[in-house]
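Engineer: This is the structure I want to talk about, given as structure tokens.
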Amino acid sequence: MSRLSRRDFLKLAGIGAGATVTANSALGAVPLAGSQAVLPNVLIIVFDAMSGRNLSLYGYHRKTTPTFERFADRAVVYHAHSSAGNFTSPGTASLLTGMLPWTHRAINISGRIARELQDRNIFHCFGGDYHRFAYSQNLGAVHLFSQFQQDIDTVLPPQAFSRVDQIVGSRLGGGVAAYQAFDDFLFRDGTPPASLVFGLASRVQLRRRVARTQTDDYPRGLPQARTFPLFFSLADVFDGLYQTIASLPRPYVAYFHLWAPHAPYRASRAFDGQFADGWRPKRKPDHRMGDHVPFYRLADKRQNYDEYIADVDAEFGALVDALEKEHLLDQTFVVVTSDHGEFLERGVDGHITPLLYEPVTNIPLLISTPGQRQRVDVLSPTSSIDVLPTLLHAAARDVPAWMNASYLPGIDGVSAGERTAFVVEAKENASFSSLEKSTVAMRRGDWKLIYYTGHEPDDFYELYNLADDPEELEDVFPGRPTILKSMQEELLDAFHAASGPLAQPI
Amino acid sequence: MGISERLPGWQKIAPVYAVIVLIVYGWSLLWYLWTFPSWLKFLTVSEILLTFSFVLATNLLESLLVLAPIVAISLLMPKRWFRDVFVARGAALAIAGLGSMMLLALQFRDIDDYPADLSTWLPAAVAVMLIVAVVAGRLPFLRKGLEAFAERATVLLLISIPLSVLALITSAVQVFL
């Protein structure tokens, strides 16, 4: 794995890219890989903390995603898609490995997948025939890249498209331990700096640099990552994406993980205040395990969140237009998704919560296949762990047996069938030990069963029919005994089979 | 008078450095103990040790950086004013300076918490350091107290220096190889 600056990377990759772009453009739209020799590209764009529930693409009240809707006209659109985890580490790890959190065990904040499973990842699966590229603004995903370093050809550092940053790990080298020591500890934002001298000095310097960089374009301040010093403008980031994609050697599998629309929600001037419409979502009762944040505060944050999503949507539209204009998406599977949702109701602000309601589990998924010109809607439940086997299958790559593959309907002739989607929250457990305290949500058809285990005073369940009750307001547990018994058995069998301890490697 | 004559001897530098080590390493160790339980959940023993080596290496560089200006003051100040009472005044300067930084650091939780007026804070911290340094040399009981404290702290160097050098080598290998 090489670590290059953005400029170095573009310079090197651009030499070879021009010729391949032209050659690929001449091919135009192509059928899926199984029937042709040219390997398709795979482009995955992940928007951090983008809840499917806040996208007008899926029927949200506010018009947050007109561009996504336009892009959907040439894509397979998944309406009941779930992340397998509710924050970056488990959500991203599941997307990149095709495994559930109770298997890969990246269950903690800044967590890692089990060391013996490190070669089970998308980059390894696509193999050396592809140029394998990874970029993330979120250090949670960067930690995973470090685990996959043997299988990735190029990793751009998290600060590649930022205006101001003080990320130390990527500059120093030293792998994931350097990120852990400096960016997650010594210089970590949100706590007093653990490094008294350098940490304090870096904060003073950062404050001055940010003050100098403030711009009228962002009334709430430059967009930034929350717990580490990375400040950026959306326009810069998407411009960087365009240039990078245009320069990638082909065929490629490229993973881009953008911080937006993760908190803090900072839309640009053009979108700030766009949804100051006085609308309030339906008020839901606080959950006893929630944080009891007042409703009015959550409603205000929701407005900011929606505006930030709209801003991201507009930038994404410009990116897609530019790529299409240069025929850079020909022969490319484009996957647009998120690592987890966002929760702004029931007294909860964010996604670090034991609650697994739809706003935090339901994420967007759009997959545009090479040459696709029609929209396909898939309503059956799907999971983020289905994405990797589906892409491998569609690109005619080997699908490893350990993946226990379940292919997404709508791609390569796969039809919708009865499938179960799990979401696992277990951040308070040691990843090497049995999962004693966790929440598991299981979606099957219209039904959703949520199992809370290890929480005081006793384990308990909630059961919802999402067709009749999409807002999850009417818990019908312990009613519907037939469906409940069947789902309980499946959930507990799966949980107990996978939640045991791992051997801790040294 | 040559530079070497103006500088305090190692016997005097060591106690002052020990006070610096106590504060700089102690501060990091405090936060490390706060974070350690969460790391135990997902890092292996070797990963935790490697991370700790980066922390120790950073602390070593920080502590030397703090020591350097205190030693340098000996070159600038009259010998009887600073060199002859180096342990007391050096330790006082280190405690006051690093103490001010600790107070400031506690307010710096994130970008939005930054104190608005650093230009007020900085002169105030410098003034406190000067006063403490002057008083430390003039009041016998304070001088003796500081010297006794610093002398006893030197035992820390027996642990911190070899561990930090080892950590520095480990970190360098990790970064450069």
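Engineer: Can you go through A:GLY111, A:GLY127, A:GLY85, A:GLY140 and tell me which one is within 14 Å of chain B (Cβ to nearest Cβ), over 20 Å from A:GLY500 (Cα atoms) and out of contact with any Cys (no Cβ under 9 Å at 6 or more places or on another chain)? Explain how you work it out, then say what you get.
Structural biologist: Numbers: A:GLY111 fails: over 20 Å from A:GLY500 (Cα atoms); A:GLY127 fails: within 14 Å of chain B (Cβ to nearest Cβ); A:GLY85 fails: over 20 Å from A:GLY500 (Cα atoms).
None of the others qualify; the one that does is A:GLY140.
Engineer: Here are A:ALA141, A:ALA134, A:ALA93: which of them is assigned to a helix (DSSP H, G or I) and in contact with a strand residue (DSSP E or B) (Cβ under 7 Å, 6 or more places away or on another chain)? Break it down into steps so the answer makes sense when it comes.
Structural biologist: Numbers: A:ALA134 fails: assigned to a helix (DSSP H, G or I); A:ALA93 fails: in contact with a strand residue (DSSP E or B) (Cβ under 7 Å, 6 or more places away or on another chain).
Among A:ALA141, A:ALA134, A:ALA93, only A:ALA141 is assigned to a helix (DSSP H, G or I) and in contact with a strand residue (DSSP E or B) (Cβ under 7 Å, 6 or more places away or on another chain).
Engineer: May I ask you to list the residues in region A:175-217 that are outside any helix (DSSP H, G or I) and under 24 Å from B:LEU30 (Cα atoms)? Show your work before the answer.
Structural biologist: To start, the set of residues in region A:175-217 that are outside any helix (DSSP H, G or I) comprises A:187-197, A:214-217.
Selection gives A:PHE187, A:ARG188, A:ASP189, A:GLY190, A:THR191, A:PRO192, A:PRO193, A:ALA194, A:SER195, A:LEU196, A:VAL197.
Engineer: State whether one or more residues within region B:96-107 are farther than 30 Å from B:LEU50 by Cβ, out of contact with any Gly (no Cβ under 7 Å at 6 or more places or on another chain) and not in a helix (DSSP H, G or I).
Structural biologist: Looking for residues that are farther than 30 Å from B:LEU50 by Cβ, out of contact with any Gly (no Cβ under 7 Å at 6 or more places or on another chain) and not in a helix (DSSP H, G or I), one finds none in region B:96-107, hence no.
Engineer: Let me ask something else about it. Residue check: is B:ALA136 open to solvent by less than 70 Å² (accessible area, probe 1.4 Å), touching a helix residue (DSSP H, G or I) at 6+ places or on another chain (Cβ under 7 Å), over 30 Å from A:PHE182 (Cβ atoms) and more than 14 Å from chain A (Cβ to nearest Cβ)?
Structural biologist: yes
Engineer: Could you go through region A:247-257 and let me know if any residue there is more than 14 Å from every other protein chain (Cβ to nearest Cβ) and assigned to a helix (DSSP H, G or I).
Structural biologist: Checked against the condition, which is being more than 14 Å from every other protein chain (Cβ to nearest Cβ) and assigned to a helix (DSSP H, G or I), region A:247-257 yields at least one hit.
Engineer: For region B:6-44, which residues satisfy the criterion of being part of a helix (DSSP H, G or I), open to solvent by less than 10 Å² (accessible area, probe 1.4 Å), among the aliphatic types (A, V, I, L, M) and facing another protein chain (nearest Cβ under 8 Å)? First the steps, then the outcome.
Structural biologist: Within region B:6-44, the subset part of a helix (DSSP H, G or I) is B:6, B:10-42.
This time we only want the ones that are open to solvent by less than 10 Å² (accessible area, probe 1.4 Å), so: B:15-16, B:18-21, B:24, B:28, B:39, B:42.
With among the aliphatic types (A, V, I, L, M) added as a condition, the list becomes B:16, B:18-21, B:24.
Answer for region B:6-44, where residues must be part of a helix (DSSP H, G or I), open to solvent by less than 10 Å² (accessible area, probe 1.4 Å), among the aliphatic types (A, V, I, L, M) and facing another protein chain (nearest Cβ under 8 Å): just B:VAL24.
Engineer: Mind checking which residues of region B:45-76 are surrounded by 15 or more Cβ atoms within 10 Å (Cβ to Cβ), within 7 Å of chain A (Cβ to nearest Cβ) and among the polar types (S, T, N, Q)?
Structural biologist: Listed by number, the residues that qualify are B:THR51, B:THR58.
Engineer: Among the candidates B:ARG80, B:ARG89, which residue alone is away from chain A (no Cβ under 12 Å), assigned to a helix (DSSP H, G or I) and among the charged types (D, E, K, R)?
Structural biologist: Working: B:ARG80 fails: assigned to a helix (DSSP H, G or I).
Answer to the check: B:ARG89.
Engineer: For region A:348-376, how many residues are touching a strand residue (DSSP E or B) at 6+ places or on another chain (Cβ under 6 Å), assigned to a loop (DSSP other than H, G, I, E, B) and surrounded by fewer than 22 Cβ atoms within 10 Å (Cβ to Cβ)?
Structural biologist: 1
Engineer: Moving to a separate point now. Take the conditions at positive phi and surrounded by fewer than 23 Cβ atoms within 10 Å (Cβ to Cβ) and apply them to A:GLY98. Does it pass? Show your work before the answer.
Structural biologist: Values: at positive phi: yes; surrounded by fewer than 23 Cβ atoms within 10 Å (Cβ to Cβ): no.
Spelling it out, it is not the case that A:GLY98 is at positive phi and surrounded by fewer than 23 Cβ atoms within 10 Å (Cβ to Cβ).
Engineer: Okay, next question. Can you spot a residue in region A:283-296 that is assigned to a helix (DSSP H, G or I) and not polar (S, T, N, Q)? Show your work before the answer.
Structural biologist: Going residue by residue through region A:283-296, those that are assigned to a helix (DSSP H, G or I) are A:295-296.
Still in the running and not polar (S, T, N, Q): A:295-296.
Yes, the conditions are met somewhere in region A:283-296.
Engineer: Would you mind finding the one in A:VAL348, A:VAL312, A:VAL336 that is over 25 Å from A:VAL237 (Cβ atoms) and touching a helix residue (DSSP H, G or I) at 6+ places or on another chain (Cβ under 9 Å)?
Structural biologist: On the way: A:VAL312 fails: over 25 Å from A:VAL237 (Cβ atoms); A:VAL336 fails: over 25 Å from A:VAL237 (Cβ atoms).
Answer to the selection: A:VAL348.
Here's the yes/no breakdown for (1) more than 29 Å from A:SER51 (Cβ to Cβ); (2) away from chain B (no Cβ under 14 Å):
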{"position": "A:LEU196", "(1), (2)": "yes, no"}
{"position": "A:GLY199", "(1), (2)": "yes, no"}
{"position": "A:ARG207", "(1), (2)": "yes, no"}
{"position": "A:ASP217", "(1), (2)": "no, yes"}
{"position": "A:GLY221", "(1), (2)": "no, no"}
{"position": "A:HIS262", "(1), (2)": "no, yes"}
{"position": "A:ALA276", "(1), (2)": "no, yes"}
{"position": "A:ARG280", "(1), (2)": "no, yes"}
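Engineer: Follow-up. Residue check: is B:LEU104 modelled with pLDDT under 90, farther than 18 Å from B:VAL16 by Cα and open to solvent by less than 70 Å² (accessible area, probe 1.4 Å)? Can you show your working first?
Structural biologist: Working: modelled with pLDDT under 90: yes; farther than 18 Å from B:VAL16 by Cα: yes; open to solvent by less than 70 Å² (accessible area, probe 1.4 Å): yes.
When the stated conditions are applied, B:LEU104 passes them.
The values are calculated or read from the model by the stated rules, or taken from the named source; none is laboratory data. Because the structure is a prediction, the values reported are computed rather than measured. Cβ: placed from backbone, ideal geometry, glycine included. Neighbour counts: every protein chain shown. SASA here: full protein model, heavy atoms, side chains in, ligands and nucleic acids out. Shrake-Rupley method; radii C 1.70, N 1.55, O 1.52, S 1.80 Å.
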